[in-house]
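Computed from the coordinates by the stated procedures, all read-outs in this text should not be read as laboratory data. It should be emphasised that the depicted structure is a prediction, and the values quoted were computed from it without experimental measurement. Backbone-built Cβ (ideal geometry, glycine too); neighbour counts: all protein chains shown.
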Amino acid sequence: MGTDLERGLKQYGVCLGHEPDSHEFSTLGGWISTRASGMQKNTYGNIEDIVQNITLVTSKGTYSKTNLWPRISNGPDMNHLVMGSEGNYGIITEAVVRVRTLPEVRIYDSILFYDYESGCKFMYEVSKLSQYPASLRLVDNQQFQFGQTMKPANKSSWDDFVDAAKKFFVMNIKGFEPEKMVAATLLCEGDKKE
């Protein structure tokens, strides 16, 4: 499972960085067979960028590349045939993957927008930059409201007060409308300079 894999890698100061929405319920073999994309693809790439070699057991035998080079300049790459095959060609039993050093800093944040169109314009402008967050998602108003209902209860009266003050500021001072506002969630990670 994804969380088990990352927990094991963390002991060595490295990470895979591949986090599909089903991270805690899915496996490396499943990610490969579905050609999965992760929330942090901006930094770590999609699964096809991370996987260096695959061992596939088929009804006719076992397939595995004889070298671990990530790219060969001649002929088709059989790994790309296996990726996304949904198990039609065999069962993935092993994979060699690229790992990266754990980021020094990890910052989670969000940005509110008055409406979906403003959020889309922001996403477009970010797409033109040379560097972007490891993860950046725009959630529409319905998703935003659902997320607010799923928010865990505060543990103290002080937290309740701070949340009420934030809500007052956003709605009454800044003029956000609850039925229109959207948010972009982001994860920035790297060294302190980045």
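Couple of notes before you dig in:
- Among Ile107, Ile50, Gln142 - extreme Cα towards positive end, dipole of the chain, charges at beta-carbon: Ile50
- Of the trypsin sites (Lys or Arg not before Pro) found in segment 92-141, the ones in coil according to DSSP and having at most 11 other Cβ atoms within 10 Å of their Cβ are Lys128.
- Lysine pairs in the chain with Cα atoms under 26 Å, if 8 or more residues apart or on separate chains: 25
- Both radii come from the Cα set of the chain: Rg as radius of gyration, Rh as Kirkwood radius; their ratio Rg/Rh reads 1.07.
- Modelled label positions at Ser64 and Arg98, each set 7 Å beyond Cα in the direction of Cβ, lie 2.1 nm from each other.
- Each Lys and Arg contributes +1 and each Asp and Glu -1, all at the Cβ; summed about the Cα centre of the chain, the dipole is approximately 380 debye.
- Computed over Cα pairs, the Kirkwood radius of segment 2-101 leads via Stokes-Einstein (1.002 mPa s, 20 °C) to a diffusion coefficient of 154 µm² per second.
- Within segment 83-194: Cβ-based charge dipole about Cα centre, in debye rounded to nearest 20 (Lys, Arg +1; Asp, Glu -1): 240
- Averaging the sequence gap over all C-alpha pairs within less than 8 Å and six or more residues apart, then dividing by the number of residues, gives the chain a relative contact order of 24 percent.
- Our helix-only sum for the chain, with -39,500 (n - 2.57) per DSSP H run of n ≥ 4 divided by its residues, gives a mean residue ellipticity at 222 nm of -8000 deg cm²/dmol.
- A Förster distance of 25 Å, applied to the separation of the beta-carbon atoms of His80 and Ser130, puts the FRET efficiency at 0.35.
- In plain terms, the residue of Cys120, Cys15 with the fewest other Cβ atoms within 10 Å comes first and the most crowded comes last, giving Cys120, Cys15.
- Paramagnetic reach from Arg137 (point 7 Å along Cα→Cβ, amide N under 14 Å) across segment 22-47: 22-25, 37-42
- Here's how it looks for Asp77: its modeled amide H is under 5 Å from none belonging to a residue 5 or more places away or on a different chain.
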